[in-house]
Structure formats: C-alpha cells, structure tokens
Amino acid sequence: MAINLATKYSDEIASAFSRGSFIKGKTATTFDLTGVKTLKVYTPITVDEVDYVREGANRYGTPAEMQDIVQELTMTQDKAFTLTIDKGNNLDQNLVKRAADMLRLQLNEKSAPAADRYALRRFAHMAGTIAASDKPTTSNIISLIAAGMQALDDGLVPADGRYLYVSSEIHKLICLSTEFIAVDALGAKSVAKGICGQVLGMEVVRVPERYMPENCWFLITHKDSVLMPYKIADAKVHEDPVGVSGALIEGRHYYDAFVLGAKCAGVYACVKTGYITAAPSNAGGTLSCTDTGAVIRYTLDGSDPRYSDSAHDYTKPLTVQSGETLKIFACAAGKYPSVVV
C-alpha cells in the first residue's frame, strides 16, 4: 500500500521544509516554472532621455523599437532519496521511527540544507556586484557591510526586503564591532528561520559556516532579485512493499536558484581577496584574461553577458560592427566571475 504524503500531509511537509530552510520565504515568487523545464524572462530596455526640440520632425527624438533583455532559466537540480524502516527494528525501538516523522527528519537534515547551500552559492556567483576584501575584523566589518548597502542604494534597490547572510563567525564580529552602536537590533525577535535582528536596515540571517559559499565573507540579497523555484517537492511512504517488511520512504525535490539579471543590483557578495577572476581585455576583437583557463563570455547587443540569452563563449577573434556594443566578463575555475567590461 502506498500513501502519497505529498497529498495527505502536504501542509506538514511544506511546514517542515520551510522550518528547515534558511532561504524559503526570502526569494521572489513572481515567476512560475510549472510545466516547463526552462523559463525565459523578458525585461524591456528603456532609452535615455534627450532634449525636446520645439520645431521640425522628431521633436521627442528619433523613435526606436523597444528591445528586450532575455534571460533563460533552466532547472537543473533534480534530487531524490529513499530509505526503509524495517518493521522488526521499529518494534525493537518501541515504534519511535514513524514514517512521517522520519520523512520530516530527512527533509530538515539533508534536503533543506543541501538546497540552501546550493542556492547561496548560486546567488554569490551570480551577484550583480562582487567585491573583494581581506578577512573582516571587528574594526571594519560594518564598513564592509555598509559598502554593500551603498551598492544596493546606488542600484535603486528598495530598502525593504534586504537580507544579509552571514556565518556565526562574521555575526560575532558584528556583535563585537567598534563601529556598531545599535547592538540591541541584533536581539530583535526572530520572525523567520535564522533571522536574528537587523544591521543597517537589513535582516541578518545567521547560517552555519558550511552553508556559506566558499571564500565568501557575507552575502546581501533583495527578495525580488533572487529566485528559488520548486517544481516538485513530494514524498511517498510504501507500507510493506515487495521485498520489505515495514515502510519504504521515497522523496524527490526538483528545484534551482537564480539571480534575475534585470534586478542583479540587489545581490552583493563580499569575497576573499584573490578569488575574483581578473577583468578580461579586448585588443582589436581579440579577448584575453590573465587568469589561466578562464572562460570569457560576451554579448554584442549591449546586454549583460552574465545573464543574457544572447551571450556566447569566446572562441575566436570578433569583429564588432557599427552600432554593436561588446560586453565581456571572465570566470576562472575556483574563482568568482570578473566585472563586466
């Protein structure tokens, strides 16, 4: 007999996963991937203003058809798990291994942490701004965070909905910082998993050290700038299936994590010095990067090659035609992407 817990216990499963995740509820929900593996997001490109001319034709300027920046989002993380609860073992342990309880334990201890680590890594590597710093100290941690806040402000990112992800070590530096006056703000009542107060108007989310992306000191995200869509998050319990005296638990979750290119200004990563790929250069259409083995991607339509559907890997010298705008960035193995040139 099979009991589909995704139906019977859907609320319990959703609640268990949300409790186990530091990121659930802190990302945008405006895009729906239901029914497709790939979603294309179209963002209109606005035009610069010109001076109004009071006579002649085209007084408002020369009309131009509005173009789009296209970002393709493809789901890649299709994960599963299975385990058994032998009836004899369960009886010997006074029936402590209820199938539904074990499922929630699996979600909290394995599924949610793995998804969170993946998402934070993706957010950091796809951040609109990636800044380098030596290891923060109590004397400069607030200044470093303030630089991230300023980057979001300059990108016209709304003040509400900002999250600052830090490890316990960085959180401790904040608490002991000589720059930080409003210590009481960190004692604010938690309203979601991991939130332990505010710094500079941002909700502080303290996560385990192993959750933070490698060589990343802290990460700032705005809720509307990041996506963590789930297409499948279900589980089943089979009672006494063929070959098992007891319960067989099976689960699957199909998800991914993205930074929206049109709103990438809302994601800021502060990473370890020496772990950002060198900026690529262009010499007459020949692109190069001083980091050995770095992959260079480019666009010719002026769109950001980090997110654009029109981006290509550089393989041979380019000829840039009149009216085209070449934008490039590079990424070397083990490092974060370079700035866009």
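Tabulated data
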{"quantity": "Carbon plus sulfur fraction of accessible area for the chain, probe 1.4 Å, in percent", "calculated": "51 percent"}
{"quantity": "Within a Gaussian network of the chain (alpha carbon springs, distance under 10 Å), most fluctuating of L164, L83, L103", "calculated": "L83"}
{"quantity": "For the chain, built as a Gaussian network whose Cα springs stay under 10 Å, the top-fluctuating residue of T273, T62, T221", "calculated": "T62"}
{"quantity": "Listed residue pairs exceeding 18 Å between alpha carbons, taken from K24/K231; K263/K335; K24/K223; K135/K172", "calculated": "K263/K335"}
{"quantity": "Cα long-axis angle, helix 141-154 against the chain (0 to 90 degrees, to the nearest 10)", "calculated": "60 degrees"}
{"quantity": "Relative contact order (%) - criterion: Cα under 8 Å, at least six apart; region: the stretch 251-341", "calculated": "31 percent"}
{"quantity": "DSSP-assigned coil residues among chymotrypsin sites (Phe, Trp or Tyr not before Pro) in the stretch 53-154, each with at most 15 further Cβ atoms within 10 Å", "calculated": "Y60"}
{"quantity": "Where the stretch 186-299 is the region considered: accessible area per residue in Å², 1.4 Å probe", "calculated": "41 Å²"}
{"quantity": "Most fluctuating residue given options G243, G161, G284, as computed from a GNM of the chain linking Cα atoms under 10 Å", "calculated": "G243"}
{"quantity": "Relative contact order for the chain, counting Cα pairs under 8 Å that sit 6 or more residues apart, in percent", "calculated": "23 percent"}
{"quantity": "Folded to 0 to 90 degrees: helix 112-125 orientation relative to the chain principal axis, Cα", "calculated": "10 degrees"}
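The values are calculated or read from the model by the stated rules, or taken from the named source; none is laboratory data. Worth saying up front: this structure is predicted, and the values here are computed from it rather than measured. Glycine gets a Cβ as well: all are built from the backbone with ideal geometry, and neighbour counts include every protein chain shown. These accessible areas exclude ligands, DNA and RNA; they are computed on the full protein's heavy atoms, side chains included. Shrake-Rupley method; radii C 1.70, N 1.55, O 1.52, S 1.80 Å.
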